[in-house]
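What follows is a single structure, written as structure tokens, with notes after it.
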Amino acid sequence: MSATTQLFINGQWVNPRKGENFATIDPDSEKEIARIAAATREDVDLAVQAARNAFDNGGWPELSGKARAGYLRRIASLIREKQQMLAELEVRDNGKPLPEALWDIGDTAYCFDFYADLAEKLDNQREQAVALTDDRFSSLARKEPIGVCGAIIPWNFPMLMAAWKVAPALAAGCTVVLKPSEVTPLTALQLADIAHQAELPAGVLNVITGLGHEAGSALTEHPDVDKLAFTGSVPTGRKIMQVAATEIKNVSLELGGKSAFILFDDSDIEKAVEWILFGIFWNKGEVCSATSRVLVQRNLYQPLMKRLVEEAEKIKIGNGMDEGVLLGPLVNEAQYKKVQSAIAQGIEQGATLLSGGKRPQGHDKGYYLQPTIFTEMTEESELWREEIFGPVVCVRAFDEEAEAIASANRSRFGLAAAVMSEDLERAERVARKLRAGIVWINCSQPTFTEAPWGGYKQSGIGRELGEWGLNNYLETKQITRYDSDEPWGWYLK
Ligand code: NAD
């Protein structure tokens, strides 16, 4: 890797205008991996101009969906060819275990292929006749790309989150300026390189690394950006929405969560343990939809706690590259301190720490934390209500179905939820009452590119993935024609 990376603007690698850079850190060794170019307002402006020009004059939106699909498929196949290298970069930059990073990269490639298919379908579905009651007119609704998109993404699934925005945006015919998180910028730079190798026309995808308050806010404020697609925290989402309000930009937001898992006492306890542990400890719990609030029916409460603790204590912690590791280091020092402070506050406020909560033995370096299980917290406590974004699960008991639903819904978030019961009628009934954008029955977390993803309430606005993800990047235009030879008759009587 070069001493300092560059920005990818208008199909070329360029140095940042002001020559600024920042470090990206390996969360296992706490050492610097690379110096990363830090874009400032001037660079963002150049990137947006390149995207604007590619959209207005470069012919990208006018290409057929089939032609755009060709580029997307080439990108997908290059990602597959480089899957191992990209996954290893993700492990170094983010800390996640290698098998999970390999899933991410596999899903990233599939996401480009999936939207290639939708780009092709768009050729036949772009225009749709609209039936009018006045037969002197004919009308159609036409889908057109929104324009230049600013995509701002977080650090927990770096390359996959980029794909969730870039693939549908390019499929729709938009051009993109992507700003990855400053915490995990490495694979977004690889995506730029791959786009270059796939001979994507200049300016269609620009990748600018940089800090949120500098490059991120410059991108958000830029008047030539037509759409902002953001994934990240609620406070940043709020800022982006406020800035977007000035120019009335189209915004989609994928924000935080505090997802409930309702477990009825007719469930198989071993299946419950598996889905809860996976739900909260995969990707180190740094997952927007993580199973962070478990509501268990009282009969199952004691046996569940016993089994959860037994199994959580067996989880192998370590460097994501090591065989059998299920829990890597948290992403960086700031996140490590944030999670530690949430744990300390939980204890202070009287919750019972059943397991974990400390730096694991044998890991004196790196942002390592034991899998952590809390119980006996109040519903009002921050532990129960606020997103921790780490390997910390909170468990409370309930008696009645209605009480569990009310408790699950008593949250300012509404990203995901899960329900487990052998009684499928009950599970389906509860699923329909949960105020969340994603509800899993008898499982938690599996995510499919084909199905809509997004939150209710403060968890966001809009949906990604599936056909919904494509619609995020499309405008609908009405074209109405007057077919009659009769005068309209407003003044000609
Ligand atoms: P964050 O909000 O701190 O940062 C996200 C991105 O926004 C980064 O690229 C950052 O540089 C940029 N940014 C920061 N300040 C900005 C500003 N003023 N203007 C423009 N951009 C700015 O979030 P994070 O810590 O990277 O990610 C964790 C959060 O993301 C969690 O809350 C998590 O729940 C959420 N998340 C949600 C989903 C989802 O699909 N709903 C998926 C993954 C993560």
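The values are calculated or read from the model by the stated rules, or taken from the named source; none is laboratory data. The model shown is predicted, which means the values in this text are computed figures rather than measured ones. We place every Cβ from the backbone using ideal geometry, glycine too, and count neighbours over all the protein chains shown. When the accessible area is computed, the model is the full protein with side chains, heavy atoms only, and any ligands, DNA or RNA have been set aside. Shrake-Rupley method; radii C 1.70, N 1.55, O 1.52, S 1.80 Å.
Before moving on, here are some points about what is shown:
- Checking each residue of the stretch 428-451 against the condition of being buried (at least 22 other Cβ atoms within 10 Å of the Cβ) and part of a helix (DSSP H, G or I) gives at least one match.
- Just one of the numbered conditions (1) away from the ligand (no atom under 16 Å from the Cβ); (2) closer than 23 Å to F114 by Cβ is not true of F448: (1).
- Index of the failed condition, W60 passing every other in (1) under 18 Å from L186 (Cβ atoms); (2) touching a Pro at 6+ places or on another chain (Cβ under 7 Å); (3) open to solvent by less than 30 Å² (accessible area, probe 1.4 Å): (1)
- Qualifying position, being in a strand (DSSP E or B), open to solvent by 70 Å² or more (accessible area, probe 1.4 Å) and charged (D, E, K, R), among E403, E475, E425, E467: E475
- Residues satisfying the stated conditions in the stretch 83-94, i.e. buried (at least 19 other Cβ atoms within 10 Å of the Cβ) and in contact with a helix residue (DSSP H, G or I) (Cβ under 7 Å, 6 or more places away or on another chain): L86, A87, L89, E90, V91, D93, N94
- Residues within the stretch 172-183 that are open to solvent by less than 10 Å² (accessible area, probe 1.4 Å), over 14 Å from the mean Cα position of the chain (by Cα) and either within 14 Å of the ligand (Cβ to nearest atom) or farther than 9 Å from Y473 by Cα (or both), tallied: 3
- Residue selection: K239 fails the criterion of being in contact with a Lys or Arg (Cβ under 9 Å, 6 or more places away or on another chain), among the basic types (K, R) and either closer than 21 Å to C288 by Cβ or free of Cβ contacts under 8 Å to residues at least 60 places away in the same chain (or both).
- Filtered residues of the stretch 107-165 (kept if in a strand (DSSP E or B) and within 28 Å of A244 (Cα to Cα)): A141, R142, K143, E144, P145, V148, C149, G150, A151, I152
- Within the stretch 184-211, considering residues that are open to solvent by 10 Å² or more (accessible area, probe 1.4 Å) and away from the ligand (no atom under 16 Å from the Cβ), the one nearest to E32 (Cα to Cα): Q190
- Pair list, Cβ under 7 Å, 6 or more apart: the stretch 277-299 residue more than 22 Å from R435 (Cα to Cα) and of a type in the set (S, T, Y), other residue open to solvent by 10 Å² or more (accessible area, probe 1.4 Å) and modelled with pLDDT of 95 or more: none
- Residue in the stretch 452-464 that is nearest to G237 (Cα to Cα), counting only those that are in contact with a Phe, Trp or Tyr (Cβ under 7 Å, 6 or more places away or on another chain) and open to solvent by 30 Å² or more (accessible area, probe 1.4 Å): Q458
- Residue selected from the stretch 217-257 under the condition of a type in the set (V, I, T) and not in a loop (DSSP other than H, G, I, E, B), by the criterion farthest from the ligand (Cβ to nearest atom): T246
- Residues being under 14 Å from A416 (Cβ atoms) and either open to solvent by 10 Å² or more (accessible area, probe 1.4 Å) or hydrophobic (A, V, I, L, M, F, W, C) (or both) - total across the stretch 259-275: 4
- Among the residues of the stretch 218-255, those identified as at pLDDT below 95 and small (G, A, S) are A244, A245.
- If the condition is being out of contact with any strand residue (DSSP E or B) (no Cβ under 7 Å at 6 or more places or on another chain) and either surrounded by fewer than 17 Cβ atoms within 10 Å (Cβ to Cβ) or farther than 20 Å from A38 by Cβ (or both), then the stretch 218-235 contributes P223, S233, V234, P235.
- Residues within the stretch 411-422 that are more than 16 Å from G256 (Cβ to Cβ) and either over 19 Å from the mean Cα position of the chain (by Cα) or open to solvent by 40 Å² or more (accessible area, probe 1.4 Å) (or both), tallied: 4
- Within the stretch 370-403, considering residues that are within 16 Å of the ligand (Cβ to nearest atom) and among the charged types (D, E, K, R), the one nearest to I343 (Cα to Cα): E382
- Test for I146: is it within 12 Å of the ligand (Cβ to nearest atom), of a type in the set (A, V, I, L, M, F, W, C) and open to solvent by 10 Å² or more (accessible area, probe 1.4 Å): no
- Any chance I347 is hydrophobic (A, V, I, L, M, F, W, C), open to solvent by 70 Å² or more (accessible area, probe 1.4 Å) and more than 16 Å from the ligand (Cβ to nearest atom): yes
- Looking only at the stretch 277-302, and only at residues there that are aliphatic (A, V, I, L, M), closer than 30 Å to V91 by Cα and in contact with a Leu (Cβ under 8 Å, 6 or more places away or on another chain), the one that is surrounded by the fewest Cβ atoms within 10 Å (Cβ to Cβ): L277
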